[in-house]
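The values are calculated or read from the model by the stated rules, or taken from the named source; none is laboratory data. Nothing here was measured: the structure is a model prediction, and the numbers come from that model. Don't worry about glycine lacking a Cβ; one is built from the backbone with ideal geometry, like all the others, and counts go over all protein chains shown.
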């Protein structure tokens, strides 16, 4: 795609992944978080620059709802719909770090909390 005489390297400036399919995030309100973030982007008129994506499991079960912002590489945990505006206006829009929600795993890769330590209701499965 050519705009203003130059090539666009990617279709969106930022892509925000919201886990809605893991073992815990859906029961922790991740779908509501995703919708609140989409609303914030839409209200700001930035749907052509920022894409909020419903993602599969990000393998951080028990820390959610999980939100990952790319290309920044910043991850946030326990993000509720009430946090959406603050996450949007800071980390998503300006690239700042929101320390109170920043996910800081102890190691790279999968960081799943043991099910007996989850702070959510047990699965009905």
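For the stretch 25-42, indicate whether the set of residues that are modelled with pLDDT of 95 or more and assigned to a loop (DSSP other than H, G, I, E, B) is non-empty.
no
Across the stretch 1-24, what is the number of residues that are at pLDDT 90 or above and in a strand (DSSP E or B)?
The qualifying residues number 6.
Keeping to the stretch 86-106, report how many residues are touching a helix residue (DSSP H, G or I) at 6+ places or on another chain (Cβ under 6 Å) and part of a helix (DSSP H, G or I).
1
What about residue 69, is it in contact with a helix residue (DSSP H, G or I) (Cβ under 8 Å, 6 or more places away or on another chain), at pLDDT 95 or above and surrounded by 19 or more Cβ atoms within 10 Å (Cβ to Cβ)?
When the stated conditions are applied, residue 69 does not pass them.
Going residue by residue through the stretch 107-116, is there one that turns out to be in contact with a helix residue (DSSP H, G or I) (Cβ under 7 Å, 6 or more places away or on another chain), loosely packed, with under 12 Cβ neighbours inside 10 Å and modelled with pLDDT under 95?
No: zero hits.
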